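Step one of this worksheet: look at the structure below.
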Amino acid sequence: MNCPVCDESRFAHLLAVSGRALTRCQGCGCVALDALPAPADCAATERSADPEPEPGAVSRHAARYMDALRRRGFRSGSLLVAAAAEARAGLEIFLDRTKADGYRAEFVDLSTASANPAPAGFDAAIMLHQLQTQPAPGQLLRGTRAALRRGAPLLLTVPRLDLSSFTRQRTEWRTGNRWYFDESTIQLLLLRHGFHEVLVRKPAAACMIVTAVREEPPGRPKCSIMVAAFNENRTFGVLMDALLKKAIPGVDREIIVIESNSTDGTRELAKQYQGHPEIKLVLQDRPRGKGNAIREGFQHATGDIVLIQDADLEYDLDDYDALLAPILSNRALFVLGTRHAGDWKMRTFARQRVLSAGLNLGHALFTGLINVLFRQNMTDPFTMFKVFRRDCLFGLEFQCNRFDFDHELVIKLVRKGYRPLEVPVNYRSRSFWEGKKVRLFRDPLTWIWVDLKLRFTRVLPKRL
């Protein structure tokens, strides 16, 4: 058995459910029910399932699904309803509702070899509780994608796995299910099979409503490396020369340099790279902060992976391979390069020992605050090395301009449902004598404000 998300063949046993082994992929974390139950267990499980919903409830769900598709761009045309033959009876009310709204809907069982819908013949697709029942969910997604025109939206529903509140009588543990996904693994699966701009909604504790858009995937992965530069004339040239020499096997790249009108000659150095085929140079009229520069860089990124790189020499470019590996193998959406390596004292300034101790303590306190507020277990949320699929940014809006952006970016990705994978990296902290730009009394106040504000405010806008 191979994982449909990352192709990993190693699964760890978790527990048994009605005679079936519940296992977790050692790569991405996707969960499988990998053995057929005994007939008696089948009957017991089916009896524990939810009764058939009332017609009014089905109609309300249909209205919600169609409204979600309209928000993703489906205004008129043909709707593909992907459903197995035995599931069609329960969807007749949904079909009647779509016809009443003026849409042309057609049932297609894409799990069979005989299914042959017209290529790019549909303007939207909907798949209700079908994906988790398939031996090969990717095959169903590929068939759905082939039937959709470019830019057409897809809506699917799948049960949401929550092992922390697991009980043997939970209705989502049905005999027909084979796979269970969370917010990250369902997005990884969709990205792998030609969909993007993935949004996951959780209207109920045990269900996810997922929407995405059909795209043309690139032939090779591409990484957008974001370099924000301001008053870094001593290190900028050295970094850029090393960055251009750094090869990433199997990956195309673009280096986006955002220069914020430095006063020490950094802008003149940056202009020397203007016109380089791998470099996009963005010249800001004035400095507004690192966060503002990275936000502007996002607008120019075209890669499917984003990597943030400072213009100093605190981090080791040789760590790129380890940081990108989980994303390139479809095992993670969001990676942080943790600087600790087993020791919380990651800053050691020879001329400012008391200051370095204070910064280390402050780092521990702010890390603890974020972990408590957002139920995480991160060791280094403020690392510069943040690597993620660009699709993770879809629907998010950012406001922070300075180093509070490090907090905002991590928190909003976590709130959207992405649990970061931390990879150890090499790090040599520079002191304030060497150019560190954090303001000791002003910046921490903005960090506290951002942490508390984002704990209680909406992350995704209502229009999505």
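Laboratory data are not the source of any read-out in this text; all were calculated from the coordinates shown. From a predicted model like this one, the values you see are computed outputs, not experimental measurements. Neighbour counts run over all protein chains shown; Cβ positions are idealised from the backbone, glycine included.
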Past 28 Å, Cα to Cα, is the threshold; run Lys245/Lys412; Lys280/Lys462; Lys99/Lys416; Lys202/Lys412; Lys99/Lys412 against it and keep the listed order. Lys245/Lys412; Lys280/Lys462; Lys99/Lys416; Lys99/Lys412
Among Thr338, Thr263, what is the fewest-to-most ranking by other Cβ atoms within 10 Å? Thr263, Thr338
Residue separation times 0.36 nm, minus the C-alpha to C-alpha distance between Arg375 and Phe398: what's the value? 6.1 nm
For the stretch 237-321, convex hull of alpha carbons as volume per residue, Å³: 106 Å³
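Just subtract the alpha-carbon distance of Asp264 and Leu317 from 0.36 nm times their residue separation and send over the number in nm, one decimal.
Net length gain for the segment: 16.6 nm.
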Could you give the nm distance between label points at Arg442 and Ala146, where each point is 7 Å from its Cα heading toward the beta carbon? 5.9 nm
How do the peptides 455-463, 123-131, 249-257 rank, highest first, by the average count of neighbouring beta carbon atoms within 10 Å per residue? 123-131, 249-257, 455-463
Computed label-point distance, nm, for sites Ala242 and Arg463 using a 7 Å Cα→Cβ extension: 4.3 nm
At 7 Å along Cα-to-Cβ for each site, give me the label-to-label distance between Asp34 and Lys453 in nm. 4.7 nm
Cleavage-rule hits, trypsin sites (Lys or Arg not before Pro), the stretch 257-293, DSSP coil, Cβ neighbours within 10 Å at most 13: none
State the answer as a single residue: which of Gly275, Ile256, Val387 lies farthest towards the positive end of the charge dipole of the stretch 222-456, with beta carbon charges of +1 for Lys and Arg and -1 for Asp and Glu, about the Cα centre. Val387
Quick calc, Ala21 & Leu328: beta-carbon distance into FRET formula, R0 35 Å, rounding 0.05, result 0.75
In the stretch 364-417, which trypsin sites (Lys or Arg not before Pro) are in a loop and have at most 16 other Cβ atoms within 10 Å, using DSSP for the loop call? Arg375
Give the Debye-formula value of log10 I(q)/I(0) at each listed q (0.07, 0.12 Å⁻¹), with one equal scatterer per alpha carbon of the stretch 222-456, two decimals each. -0.21, -0.65
